[in-house]
Structure formats: C-alpha cells, structure tokens
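The values are calculated or read from the model by the stated rules, or taken from the named source; none is laboratory data. Given the structure is predicted, the values throughout are model-derived calculations rather than measurements. A quick note on method: Cβ atoms are made from the backbone with ideal geometry, for glycine too, and the neighbour counts reach across all protein chains shown. Ligands, DNA and RNA are excluded from the accessible area calculation, which covers all protein heavy atoms including side chains. Shrake-Rupley method; radii C 1.70, N 1.55, O 1.52, S 1.80 Å.
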Amino acid sequence: MRGASVSVKELEHRHIVGQHPVRVSHLDIGAGEKVAITGPSGCGKTTLLCCIAGILLPTSGEVTVGEKRIDQLSDSDRRKYRRDNIGLVFQEFELLEHIDVRENAYLPIWLDGREPTDDEEKKLIERSRRCGIEQLLHRKPRALSQGERQRAAVCRALMNSPTLILADEPTGSLDSNSGRAVLDLLFDEADLSGATVVVVTHDSTILDGFDRVVDLVGEAS
Amino acid sequence: MSGPMLRLALRSLSHHKVRTVVLALCIALVGVLPTAVDGLLELYRTRLAARATSTPLVVGAPGSRSDLLIHALYFRGDVERMIPRRVAIEAGESGHGVPVPIHLKGSVNGHPLVGTTPDYEKFRSIKMNRGHWPRKLAEAAFGSKVAKELGIDVGGSIATDVHKLHDLAGSYPLLLKVTGVLSRTGTPDDDAVFVSLQTSWVVSGEIHGHLRIDPEKDFNLVLENQSNHITANAAVVEAVEVTPENEDSFHPHGDPDALPVTAILIDANDDKGATILRSRFRRDESLQPIDSLVELRELLAVVMRAKAILDANSMLVIVATVLLLGLIVTLDVKVREREVQTLERIGAPRGFVARLLFTEIAIVVCCGGLLSLFLARAAIWFVADGPLLLP
C-alpha cells in the first residue's frame, strides 16, 4: 500500500469573521513522506492539520489528498474519507473513557456501522503487540499510563490501515522517552504500510527522524 | 440503530452507573403512580362491577344509597338505620325470589362479622375449603384471607371484638367456634367471618343468654318481676360462650320478627320477580331498594372525577420531568463535549452522535418505564391482595 500525497494551495481559514485568518500559500507532501510541521503557537498548525483531515473546511484555497479535493467534498463524504483513509493521533489521546482499549481501537470500524471482521481482529492483535499494549486491550484508558494511552491511540489510528497519518502534538503530554517511543512506533508503522506521516509539533527535540520539517511561519525549511 | 451503536450506548450507561440509575428511577417514580392508579381503578371497577352484577337488587333503610351498596355488597362502613327481619320474611313469602338478610354489626380482629342465613352460601355459590357453613349459635365460617391472617382453622375458636366497652347495656365478646373455612373467591367474602343471624344478634346485644334467674334466690338481680316476665338488672352475668348448658337460655327481648337486619340481598327468580319486589319495596317509605349497577356507576363516576384531577397532576409532573430530563441531557452533552468531538474527528457519520444520545435516552426511558410497570404491578398485587383495597 502506498501513502497519499498532500497538496495545499492558497489555503485560508478564518475561524471567526473579523479575526486574523490562517494562511498557507503552498505545501506539497509526497506519498510516504514523514513531515513535521512546526511554528509558534497560534500560527495555524492544528488548523492546517484539521483542513487536511477534512475536519475543518477552508474558507478558500485547495486541499488535495491523493486524487481527492478535500475542500470540495460534502460533510458526509469528508467524514467517510476520514474513517477510511486518515489515522488521527491527538495530544490528549482522546480515547473514550467508558470503553476499553480494544473497543477504542474498533471505534473507526464501529463508526462505519459494522463489527470488525476476523481479519481485522487479527490485525488488532498484531498491531497491539507491535505497540506494546497486547496485554492492556481489556483495560479502560484510566487504568493506563500516559505513554500507554498514546500507544493505544496510535493503535486506534492504524486500525483502518490509513494512507495518511496525521498527528497533532503526539508527544505533547509525554516525557521525552515516551514521546520518542511513540514517534518511533508511528514511523515503524508508516514504514511497514508506506503511509504518509504529518506531525504537528513545537518540540524541536523530536525532529530528527522526519524527512522534512515545515515551519509554518516560513512555510518551508 | 446498529449493534455497535447499541454497544457504545450501553457502555456509556454502565460507565455512568449512578447517573443512569438515578435517571431510570426518576422516570420509574414519575410513571408508577398514574400506572398503578390506572391499574388499581380498573381492578377496583372490575371487581365492584362483578359483585354488583351478581347482586342486582338490595334493600335497606332510607339513607345514603352508596353507603348501603358498600355495606351490603362489600361489608364496609355502616348504615344509618336498619330494617326489621320481617321484610325478608315477607319478601320470601311473596315467592318472587329468595331474600338473603345481612346483619353486619360486629367484627373479629377487625374483620367484618356477617350475620346471614344459609341462603347466602347458595346465593354466592360459595365453596367450603374445609368444614361446613355455620348451623348453630356461635358457629362461624371464616373467609380464606381471614383464616390465613388469623392462623385459624376448623375446630379452633376466637372471640368477637368488643365495641361498646363502657356501655353497661352493651354487647359482650362472644366466643366463636370455627366450623368452616371458605375457598378463596377473590371477593369481599374472603375477608369476612360468617355467622347465623342469631349469632350476630347475640354479638350486637339484640339477643342474650344468662343463667336462669330465680326471683326468690336471686332477688338482688331482679329489676322488675311481673307474672310472666322477669327483668334482670345489669348485675346479671351474661354468657360469653355458648355451651350445651346455656344454649337454650339465649333469647331476644321483644318480637323476633322485628329484630334488625342492615340490608337484604334479593336473589330474584327472574326479571319479572325482581321488578315486582322492587316496586313493592318502593311503595314502603321505610324501605329503600337500590339497583346495584346503577349505584355503582354513580359511585365510579365520582371516583373518575377525582382521578381526572390526579391525571392532570400526573401530566404536569411528567411534563416537568421531561423538561428536567431535557436539561440533564443538554448538560450531559456539554460534559461529554470531548467525547463528542473525538467521535466527530475520527469520522462519525452525520447524526451519529445525536442517534447515540437518543439511544442512551431511549434505553434509560425504557428501563425506567419497565421499572415503573413492574413497581405498579407489584403495588397492584400488594393492594389487591392486601388490606388497602376492597378485595
């Protein structure tokens, strides 16, 4: 499986009318590339990530992932596109507290309105082993450490075999060792699947493993 | 609603156990009163109607018609005035039906003591579970519920209640011998103790028994001595138990046919006989015939008017509860904003979160509703077989 390329052109997103908009004039990310997006707080890193994921719709400009113009998709299509193609990892893990790790991992499948197939169940076991949480699948998130939670979140993000992995400050709530471990996990999984990885971060200590670092203020470095 | 959505909803509900249980309980408590009242009224109506249908014509003294109905059919309450037994004798002699006189003045441990004739057993098609219907003075047949409650059986004995403790001329407790226990009927008969009219009159003081008074020896007990009649004073010891020795000493003062009964049930031969008897009773100003079903309908109409007020109140409580539930759900969505955001970000289909919340609410409402029905059923069962409602 190959990763999806990402192209952003003249993107502008205004949260509130009258407020300073987020602008990204040009950004191209190749298929299978590992890219870090950095920049000061408020420069629009997360907004850009959300526009690529189709969570936010840009006020103007183009966002293309693979062959798809994300900004032209309907709300329902963008939701389906996220479920089928995107693996999302958040700073605060965003695991549902009332279901266990296994069920959290199955969420993208459940949201598709179906039960996991035998093949998907095998995949979960395999991925959870690689993520080091095989023994934690029946635990609720509150019974996990921060690092374990983020690994569970990565496991969930990979359940739909995404072509594009988007991570928003995935190491922001972790100590440096745990952060590095989670990032390595993401990269390993991306290497295995060929998925493109886009990570938003302001942590300069984790930039080593990326193919490219994009500074959103200068837009490229 | 898909399986995964149901599973997510159930997980969320079980995770927030206290909230779920409290909400379900609130709904159950709001629903239980109107449901129970509806069920009880229906039961009440059915049972009353069944009794009234089997006893279409009742005669008593003029006064409250509903009191007479409740008294004669359900053995509750008292009547203002009584009528002489003679009315029953004359009705029987007319050949249009069988009169079943009722004399209801005493009680046994709070249960009504019904003085009547053996015709009552046939009239109500009563089946004896054990023993036989009372044949002699101080014999009693107990309704199934009373027998169970008092732990009494054939061969046992129990005293009647004392009603006029401070009345020198009043009644004394009489020791009853249990000769029979009725099979369960699901009617007020289950809660009553049946004796002969004579026994009931002994209990109410209309008939009494004491040792023979010799005016020569017992001059201190004699109030008045006429040639054929001795009046004893209050110092004479009245019998409180009927024995072979004193059985013959029980006697009324005055005309036996004038002894009172509180009501007469008429088992008319046919409609024509009932009509003839009804018109005969109507002509006598000292009597009041009532058509049980008509009276019952009027009585139920009053109950239904009261129920309408209760229904309006229940409606207001339900509306208030729905509004409060709406508020709780709104606040819950606020509290679960992060969870909702996560689902949306991962790619939850449009309306999924709303459907998920609706599913959760539906489950809680269903559980509350089922609990409400269960509690209402339990309440109806308790009341129907308990002391709170006419059996």
Pull up the range B:336-361, narrow it to residues that are open to solvent by 70 Å² or more (accessible area, probe 1.4 Å) and in a helix (DSSP H, G or I), then point me to the one that is nearest to B:Leu23 (Cα to Cα). B:Phe358
Condition (residue is among the charged types (D, E, K, R), in a helix (DSSP H, G or I), open to solvent by 60 Å² or more (accessible area, probe 1.4 Å) and within 14 Å of another protein chain (Cβ to nearest Cβ)) applied to the range B:371-385: is it met by at least one residue? no
Identity of the residue in the range A:108-120, more than 9 Å from chain B (Cβ to nearest Cβ) and not in a helix (DSSP H, G or I), that ends up farthest from B:Val340 (Cα to Cα): A:Thr117
Single unsatisfied condition, B:Ala49 versus (1) outside any helix (DSSP H, G or I); (2) surrounded by fewer than 21 Cβ atoms within 10 Å (Cβ to Cβ): (1)
Of all residues in the range B:17-40, how many are more than 15 Å from B:Ile328 (Cβ to Cβ) and crowded, with 16+ Cβ neighbours inside 10 Å? 11
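Let's see how each residue does on (1) buried (at least 23 other Cβ atoms within 10 Å of the Cβ); (2) in contact with a Pro (Cβ under 9 Å, 6 or more places away or on another chain); (3) at pLDDT below 90; (4) among the hydrophobic types (A, V, I, L, M, F, W, C):
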| residue | (1), (2), (3), (4) |
| --- | --- |
| B:Gly77 | no, no, yes, no |
| B:Pro118 | no, yes, no, no |
| B:Arg124 | no, no, no, no |
| B:Pro134 | yes, yes, no, no |
Matching residues in the range B:235-284 (open to solvent by 60 Å² or more (accessible area, probe 1.4 Å), part of a helix (DSSP H, G or I) and out of contact with any Lys or Arg (no Cβ under 9 Å at 6 or more places or on another chain)) number 7
Only one of these conditions is not met by A:Ile206: (1) open to solvent by less than 20 Å² (accessible area, probe 1.4 Å); (2) part of a helix (DSSP H, G or I); (3) closer than 19 Å to A:Val101 by Cβ. Which number is it? (3)
Would you please name the residue that is farthest from B:Leu373 (Cα to Cα), looking only at residues in the range B:1-37 that are within 8 Å of chain A (Cβ to nearest Cβ), of a type outside the set (D, E, K, R) and part of a helix (DSSP H, G or I)? B:Pro4
Quick check: is even one residue across the range B:66-73 part of a helix (DSSP H, G or I) and over 30 Å from B:Ala258 (Cβ atoms)? no
Any residue in the range B:311-335 that is among the small types (Gly, Ala, Ser) sitting within a Cβ distance under 8 Å of a residue that is open to solvent by 60 Å² or more (accessible area, probe 1.4 Å)? List the pairs, counting only those 6 or more apart or interchain. B:Ser314/B:Leu33
Quick check on my filter: what residues within the range A:51-88 are on the phi > 0 side of the Ramachandran plot and surrounded by fewer than 19 Cβ atoms within 10 Å (Cβ to Cβ)? A:Gly61, A:Gly66
Give just the number: which of (1) open to solvent by 10 Å² or more (accessible area, probe 1.4 Å); (2) among the small types (Gly, Ala, Ser); (3) under 22 Å from A:Cys50 (Cα atoms); (4) at pLDDT 90 or above does A:Ala167 not satisfy? (1)
Within 12 Å of chain B (Cβ to nearest Cβ) and either touching a Phe, Trp or Tyr at 6+ places or on another chain (Cβ under 8 Å) or of a type in the set (Lys, Arg) (or both): is that true of A:Arg139 in this structure? no
Could you go through the range A:126-136 and let me know if any residue there is over 24 Å from A:Asp191 (Cα atoms), more than 14 Å from chain B (Cβ to nearest Cβ) and either open to solvent by less than 60 Å² (accessible area, probe 1.4 Å) or in contact with a Phe, Trp or Tyr (Cβ under 8 Å, 6 or more places away or on another chain) (or both). yes
Would you be able to tell me the number of residues in the range A:11-50 that are surrounded by fewer than 21 Cβ atoms within 10 Å (Cβ to Cβ) and closer than 13 Å to A:Arg212 by Cα? 7
Residue set B:Val333, B:Val364, B:Val319; condition open to solvent by less than 50 Å² (accessible area, probe 1.4 Å), assigned to a helix (DSSP H, G or I) and either within 14 Å of another protein chain (Cβ to nearest Cβ) or out of contact with any Asp or Glu (no Cβ under 8 Å at 6 or more places or on another chain) (or both); output residue B:Val364
